[in-house]
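So the structure is just underneath, and the comments pick up after that.
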Amino acid sequence: MNREAALAEIKKPKSIENVLLAMRFMAKTGTVSDVSTLMPHASGNNQIIKKLAIDAICSIIKESLITRFGDLTAEMRQKLAAIMQTLDPKIIDEIGKDLFCSDDARRLSALQMLGILKRHPRVEEFLTKLLRDKDPKIKATAISLMGKMMGSNDQQMVISLLSDPDARVRANTVEALEYLRFQRSIPLLTRYRKEPNNRIRGNVLKALYKLGYTDIEEDLIEMLNAPEPLQKASALWVISQIKFQSQRVEDACGACLLYTDNVVRKNAKSALNILATPRSKGYLRYLGEIVKG
């Protein structure tokens with residue numbers, strides 16, 4: 001049986017045996033475009049066909065999300081995930097198998113899929129296990145999802161990762177603490193204001209400001225005046241994210257328009273555009289032509 005024959009049998013069944021065979025075939029070879037053909041059988045009266053249709057649809061969607069996650073739009077991902085979870089609430093167990101398989105790319109895609117699923121108790125269980133994973137990418141993605149999905153009671157688990165040896169994990173941990181909006185983490189975050197890693201340092205200043213600690217002007221000026229382009233670029237990114245305004249900061253942003261690094265200049269232009277004060281507009285008017293794009 002090929003795909004065309006299987007779809008023809010599903011659309012106009014000739015026998016139950018052939019439909020069952022077609023459903024099993026589509027579960028292994030079907031694509032997202034075939035889901036609409038299978039859907040009517042997912043609510044039919046024949047319980048055997050109904051179960052196979054649901055299995056086929058969920059298998060197709062799960063495989064598509066894992067293998068083509070980056071190719072699908074956010075809207076399409078959400079739609080497919082909703083269909084899958086509605087038809088089979090236990091699909092989380094199948095996703096769990098992919099999370100702990102030996103294929104690193106598949107594991108990462110399965111982990112990304114957790115972020116678009118409806119809240120489920122198993123998600124927290126999986127994320128907790130993955131926080132101890134040996135793969136830094138897996139651990140970093142898990143902590144990022146945890147920050148978005150969990151509550152303040154999970155803060156201690158997140159805080160423990162601020163000392164992780166991988167910079168991505170530490171940076172994502174700071175973001176998670178910001179998402180948790182737990183103000184008691186402010187004293188802890190202030191210890192990392194001089195962090196050598198630019199991304200971590202930028203995330204710390206952004207998180208502190210979002211949590212209500214606004215005394216970060218000196219830190220931003222220090223980063224903007226640093227000799228390293230990455231420090232300047234990250235500081236400018238923070239300014240554009242929190243719209244931090246002060247004359248000294250705007251002057252330092254203006255000076256960055258003349259810097260030799262393209263990323264720094266573009267970030268400076270973006271920050272000044274977002275601030276949109278008379279002073280920042282003046283810098284853009286007289287120096288902005290230097291920045292292309």
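The values are calculated or read from the model by the stated rules, or taken from the named source; none is laboratory data. Computed from a predicted structure; not experimentally measured. No Cβ is skipped: glycine too gets one built from the backbone with ideal geometry, and neighbour counts run over all protein chains shown. Protein only, heavy atoms only, side chains kept; ligands, DNA and RNA dropped before computing areas. Shrake-Rupley method; radii C 1.70, N 1.55, O 1.52, S 1.80 Å.
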| note | Of the conditions (1) surrounded by 15 or more Cβ atoms within 10 Å (Cβ to Cβ); (2) in a helix (DSSP H, G or I), the single one that Pro187 does not satisfy is (1)
| said: Within the stretch 148-155, does at least one residue satisfy the condition of being assigned to a helix (DSSP H, G or I), modelled with pLDDT under 85 and open to solvent by 70 Å² or more (accessible area, probe 1.4 Å)? | reply: yes
| said: Cβ contacts < 8 Å: first residue farther than 15 Å from Lys210 by Cα, restricted to the stretch 161-179; second residue of a type in the set (Ser, Thr, Tyr) and assigned to a helix (DSSP H, G or I), any location; separation 6+ or different chain. Result? | reply: Leu161/Thr173; Leu162/Thr173; Leu162/Tyr192; Asp164/Thr173; Arg170/Ser163; Asn172/Thr141; Asn172/Ser144
| request: Would you point out the residue of the stretch 274-293, among those that are open to solvent by less than 90 Å² (accessible area, probe 1.4 Å), assigned to a helix (DSSP H, G or I) and not small (Gly, Ala, Ser), that is modelled with the lowest pLDDT? | output: Ile290
| Does the stretch 161-168 contain any residue that is closer than 24 Å to Ser64 by Cα, at pLDDT 85 or above and open to solvent by 40 Å² or more (accessible area, probe 1.4 Å)? | no
| What tally of residues in the stretch 201-224 results from selecting those that are surrounded by fewer than 21 Cβ atoms within 10 Å (Cβ to Cβ), of a type in the set (Val, Ile, Thr) and not in a loop (DSSP other than H, G, I, E, B)? | 1
| task | Starting from the stretch 18-35, keep only residues that are over 14 Å from Ile83 (Cβ atoms), then list their pairs with residues that are part of a loop (DSSP other than H, G, I, E, B) whose Cβ atoms are within a distance under 6 Å, requiring at least 6 positions of separation or different chains. | result | Val19/Pro13; Phe25/Met1
| message | Asp55 - would you say it is farther than 15 Å from Ser33 by Cα and either open to solvent by 20 Å² or more (accessible area, probe 1.4 Å) or among the β-branched types (Val, Ile, Thr) (or both)? | response | yes
